[in-house]
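Below is one structure, written out as structure tokens, with a few remarks after it.
The values are calculated or read from the model by the stated rules, or taken from the named source; none is laboratory data. Here the structure is a predicted model, which is why all the values come from computation and not from measurement. Virtual Cβ from ideal backbone geometry, glycine too; neighbours counted across all protein chains shown. To get the accessible areas, we keep the full protein, side chains included, count just its heavy atoms, and leave off ligands, DNA and RNA. Shrake-Rupley method; radii C 1.70, N 1.55, O 1.52, S 1.80 Å.
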Amino acid sequence: MPPSLAVRPRATLDVIRDVLGELASRDRNGDVLTAIHHIPARDAQYAPLPAWVNGRLAQIYRAKGVDQLYTHQAQAVEQLHESKNVVVVTPTASGKTLCYNLPVLNAILESADTRALYLFPTKALAQDQLAELHDLATRLDDSFGVFTYDGDTPADARRAIRERGHIVLTNPDMLHAGILPHHTKWTRLFENLRYIVLDELHTYRGVFGSHLANVLRRLRRIAHFYGSNPIFICCSATIANPGELASRLIEDQVAVIDENGAPCAEKLFVFYNPPVVNRNLGIRRSYLNEATRVTKELVARNLQTILFANSRLHTEVMLTYLRQAFPAAPGRSEPIRGYRGGYLPGERREIERGLRDGKIRGVVSTNALEFGIDIGSLDATVLAGYPGSIASTWQRAGRAGRRSGTSCAVMVASSAPLDQFIIQHPEYFFGRSPEHAFVQPDNLEILVNHLKCAAFELPLSPNEHFGDIDLSAICERLVEAGFLHKSGGRWHWVQEAYPADTISLRSVTSDNFVIIDEVGDAMGESSGPEVIGEVDFSSALTTVHPKAIYIHQGQQYHVERLDFDERKAYVKQVNVDYFTDAIRYTQVRVLEIAAEEPATGPSSRAHGDVLVRSQVIGFKKIKFFTNENVGAGKLELPENEMHTTAFWVTLNRGLVASLPYALSDRQGGMFGLLHALESVATLLLMCDRRDLGATIGERAPRPGVEEEWEQLPEAAASPVETKEFFEPNLYLYDAYPGGIGFSEPLYRTSEILLERARDLIAACPCEKGCPSCVGPLGERQEHAKEAALEILRRLLGQD
């Protein structure tokens with residue numbers, strides 16, 4: 001057993017050591033358990049309850065066992081008492097809720113007119129906080145009203161909420177489409193709005209965060225109209241730039257509080273890499289099976305365990321496996337339960353109670369239980385796959401142990417490049433968070449959509465500020481388009497429909513395709529056409545093209561036809577053993593360079609505005625589980641052009657020509673390097689892989705040169721085989737029109753990006769390259785991995 005397991009004995013800890021000993025016994029080569037990290041217990045640091053806290057409120061908190069505050073709580077409430085915006089950055093279960101409840105309730109008890117708005121990213125989290133506030137309200141003789149306001153709120157209750165709700169709990173989508181457009185009905189709230197709470201701040205990044213920043217612009221604008229100037233209270237998991245993110249979102253100064261005073265229980269954090277079964281191809285055992293096996297070991301030893309999956313489908317698969325291993329005793333409820341979106345609220349509450357009182361021994365969940373929903377203190381957490389960010393990983397690991405009791409967290413890695421990078425570089429994970437969350441509120445597509453919403457809510461004046469744009473020029477363009485009319489020196493909304501209804505906070509444009517099941521179920525029983533979902537325009541070209549297999553909640557659908565005019569995709573249910581992967585041919589033209597590092601060696605780096613032209617020209621059929629290519633097809637879909645931003649690395653001709661490899665290996669090395677760069681970039685940017693695009697193109701003589709686009713080729717089995725590059729640009733571009741703010745940070749951290757890409761490829765145990773490091777390659781690129789590492793060696797000046 002590894003020496004790091006020799007920690008002080010304890011009943012629960014002994015059981016955990018037994019489990020880890022069992023796992024270690026399978027690790028014959030020492031490459032399965034890549035890290036066993038011991039986090040020692042830490043005592044609490046306290047500060048007295050401030051003297052200005054209302055006597056009744058102080059008495060209630062003392063009755064709940066809160067005689068004094070943790071130091072970070074005391075700092076937060078003092079800053080808020082001085083009317084300063086704050087962002088609290090402490091781990092799960094550190095008492096962040098009190099940081100906003102105490103000052104809000106204190107203000108309400110001092111003045112009954114005071115109002116507060118709480119924003120949570122999920123309904124479930126809002127419901128959990130509602131229970132805490134109801135308890136406080138009952139103890140305070142119902143001296144304040146607290147309500148949730150979301151899509152599930154009954155129509156007859158909404159008027160009462162608007163009139164009597166001192167604290168309104170909602171989510172960004174409901175604020176955007178259900179509250180701001182109808183602000184005249186919320187006069188009482190906006191006239192007395194003292195506090196706005198933004199919980200789980202780290203989730204507001206990328207497209208969603210850029211939308212929220214504009215929603216908050218509209219919120220502040222309406223609050224100002226009614227004479228209020230609310231204070232923002234933000235709470236976040238640990239990220240590298242919480243203050244910067246909060247300031248970008250609320251467009252004001254923020255005090256950062258990141259010294260945690262809460263106690264911490266002892267925890268063991270284990271990294272588990274499934275054994276390699278084919279070293280040449282880099283194939284490992286199924287991480288779902290291995291995560292299930294680890295969970296079985298924990299539950300069998302009576303450790304209450306939560307198993308996190310990264311999709312609904314994987315949740316149900318692993319739940320099936322565990323229920324077979326732990327069937328319910330006669331007359332008893334199931335000891336293993338599932339928890340995900342799509343379950344009824346009553347069912348979710350029942351599962352939460354079962355976890356708190358110990359009746360449920362194990363639960364398999366999506367990220368629905370990642371946030372601060374009260375499920376008591378569990379013994380162990382198992383993560384089936386890396387969640388996509390270090391912040392989310394710590395959130396999930398923090399569901400076990402909480403403030404007392406030894407606990408254990410096990411992360412089982414998949415074969416995905418990001419998983420393999422994290423699992424083989426534990427020092428990167430356990431060091432201070434390297435992740436930055438970025439937003440771009442001034443993305444023109446996003447901003448103009450919210451400007452329309454703002455004009456619907458209140459007429460726009462020439463002297464207003466709405467982001468870093470020329471407001472008058474944009475408004476005049478909207479007048480020409482028929483959206484606005486200028487009267488009395490102000491711009492008024494003139495269309496009948498209200499714009500917020502058609503704008504999603506999860507995509508840049510509102511140009512979506514609706515997916516229609518026109519046949520019925522797979523048995524041929526027709527229930528009539530039914531809308532089962534929607535996708536944005538750019539995603540539609542790759543996910544619902546003709547002959548694609550579209551997967552929705554685990555059910556497969558074959559795309560019969562795609563109607564571009566009506567923006568509809570018609571599908572029918574099927575049961576097949578493969579999925580489809582679109583082949584997209586992409587070209588990039590540099591329009592303007594924002595910043596460039598001079599070419600002093602074998603390469604140069606830059607970022608700026610680009611025009612991306614792409615076309616889906618075919619698709620591959622990929623067999624489930626084995627990932628074999630079992631077929632292909634050609635497609636003729638419209639070309640798509642997008643103005644966005646990009647970061648790129650240029651490989652000079654001398655570097656490319658001097659590589660001691662055949663042409664196919666050189667090309668394979670470039671594409672392999674690009675694959676690794678894209679994987680690592682999602683880690684550094686804390687974004688989804690779909691947020692970035694990647695391609696290679698020949699360097700142009702100068703930006704903006706009007707060259708002829710190349711002819712798009714026939715669907716090739718591999719992009720490596722399309723052409724030879726002489727002085728290539730390796731592009732990472734924002735996959736959204738106008739860009740979302742990723743290219744400039746990539747340019748600033750390009751050295752780190754290249755170093756991490758080298759570490760990812762070098763640490764992979766495969767011999768010639770595999771999907772975990774340089775991506776899937778053709779049969780003729782036997783030295784692609786070697787070539788990618790050689791290019792990186794020269795780029796990093798390691799000759």
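If R0 equals 22 Å, the separation of the Cβ atoms of residue 518 and residue 313 corresponds to a calculated FRET efficiency of about 0.40.
Remark on residue 594: its backbone amide H falls under 5 Å from those of 607, 608, 609, a criterion applied only to residues 5 or more positions apart or on other chains, H modelled at 1.01 Å from N. In a solvent-free Debye calculation with one equal scatterer on each Cα, what is log10 I(q)/I(0) for the range 444-502 at q = 0.15, 0.19, 0.22, 0.27 Å⁻¹, listed in the order of the q values? One equal scatterer on each Cα of the range 444-502 leads to -0.36, -0.59, -0.81, -1.27. The dipole here belongs to the chain: it is taken about the Cα centre, uses +1 on the Cβ of Lys and Arg and -1 on the Cβ of Asp and Glu, and is about 2300 debye.
Between the amide H of residue 622 and those of 579, 580, 581, 630, distances stay under 5 Å, these residues lying 5 or more places away or on another chain, with hydrogens modeled in the peptide plane.
Note on residue 595 and residue 163: their simple-model spin labels are 5.6 nm apart, each label 7 Å out from Cα toward Cβ. Each residue of the range 146-152 was assigned a 3J(HN,Hα) from its phi angle through the Karplus curve 6.51 cos²θ - 1.76 cosθ + 1.60 (θ = phi - 60°); the sequence is 10, 9, 8, 10, 9, x, 8 Hz, with glycine and proline shown as x. Rolling a 1.4 Å probe over the protein heavy atoms gives the chain an accessible area of 41 Å² per residue. Solvent-accessible area of the chain (1.4 angstrom probe, protein heavy atoms only): carbon and sulfur portion equals 47 percent. In order along the range 196-201, the Karplus-derived 3J(HN,Hα) couplings, from 6.51 cos²θ - 1.76 cosθ + 1.60 at θ = phi - 60°, round to 10, 9, 10, 8, 6, 4 Hz, and Gly and Pro are given as x. Here's the picture: charge each Lys and Arg Cβ at +1 and each Asp and Glu Cβ at -1 in the chain, and of 556, 313, 471 the one pushed furthest to the positive end of that dipole is 313. Using 0.36 nm per residue and subtracting the Cα-Cα separation, the extra length available between residue 328 and residue 498 on full extension is 56.0 nm. Ligands, DNA and RNA excluded, the heavy atoms of residue 534 present near 110 Å² of accessible surface to a 1.4 Å solvent probe. Between residue 359 and residue 565, the simple spin-label model (points 7 angstrom out along Cα→Cβ) gives 5.8 nm.
Of all DSSP beta bridges confined to the chain, the antiparallel ones make up roughly 60%.
What the Cβ-Cβ distance of residue 427 and residue 798 gives, at R0 = 22 Å and to the nearest 0.05, is a FRET efficiency of 0.60. Our estimate of slack between residue 188 and residue 463, defined as 0.36 nm per intervening residue step minus the Cα-Cα distance, is 96.3 nm. Here the relative contact order of the range 46-257, from alpha carbon pairs under 8 Å that lie six or more residues apart, stands at 27 percent. Counting Lys and Arg as +1 and Asp and Glu as -1 over every other residue whose Cβ lies under 11 Å from the Cβ of residue 654, the net charge comes to +1. When the chain is described by a simple charge dipole with +1 on each Lys and Arg Cβ and -1 on each Asp and Glu Cβ, the residue from 598, 100, 441 located farthest towards its positive end is 100. Counting heavy atoms of the protein chains alone, residue 224 has an accessible area of about 140 Å² for a 1.4 Å probe. Partnerless cysteines in the chain, where a partner means another cysteine C-beta under 4.7 angstrom, comprise 99, 234, 235, 264, 408, 453, 475, 687. Check residue 694: other-chain or 5+ apart residues with amide H under 5 Å from its amide H, H built from backbone geometry? HN-HN under 5 Å from residue 694: 733. When peptides 160-167, 331-338, 442-449 are ranked by their average number of other Cβ atoms within 10 Å per residue, the highest-first order is 442-449, 160-167, 331-338. Mean residue ellipticity, 222 nm, helices only, the chain: the sum of -39500 (n - 2.57) across DSSP H runs of n ≥ 4, divided by residue count and rounded to 500, is -10000 deg cm²/dmol. Taking the Cα centre of the chain as the origin and placing charges on Cβ (Lys, Arg +1; Asp, Glu -1), which of 170, 61, 282 is farthest toward the positive end of the dipole? Sorting the options by dipole projection puts first 61.
If you compute semi-axes √(5λ) of the Cα gyration tensor in Å for the structure shown, which of (i) 42, 36, 27; (ii) 43, 36, 23; (iii) 112, 37, 24 do you land on? This structure yields the entry labelled (i). For the range 422-496, applying the loop criterion from DSSP together with a ceiling of 13 other beta carbons within 10 Å to the trypsin sites (Lys or Arg not before Pro) yields 432.
Separation of the alpha carbons by more than 23 angstrom is noted, of 547/623; 296/359; 572/620; 96/185; 64/96; 634/785, for 96/185; 634/785.
A probe of 1.4 angstrom, applied to the heavy atoms of all protein chains, finds residue 96 with accessible area near 30 square angstrom.
When you restrict to C-alpha pairs under 8 Å that are six or more residues apart and normalise by the size of the chain, the relative contact order lands at 11 percent.
Rounded to whole Å, the principal axis extents of the Cα atoms in the range 46-257 read 43, 41, 32, largest first.
Scanning the chain for chymotrypsin sites (Phe, Trp or Tyr not before Pro) in DSSP loops with at most 13 neighbouring Cβ atoms within 10 Å leaves 53-563 as the longest stretch between them. In this calculation the C-beta distance from residue 726 to residue 640 is compared with R0 = 22 Å, giving a FRET efficiency of 0.25. The HN-Hα couplings worked out from phi for the range 483-491 by the Karplus form 6.51 cos²θ - 1.76 cosθ + 1.60 (θ = phi - 60°) are 8, 10, 9, 8, 8, x, x, 10, 9 Hz, whole numbers, x standing for Gly and Pro.
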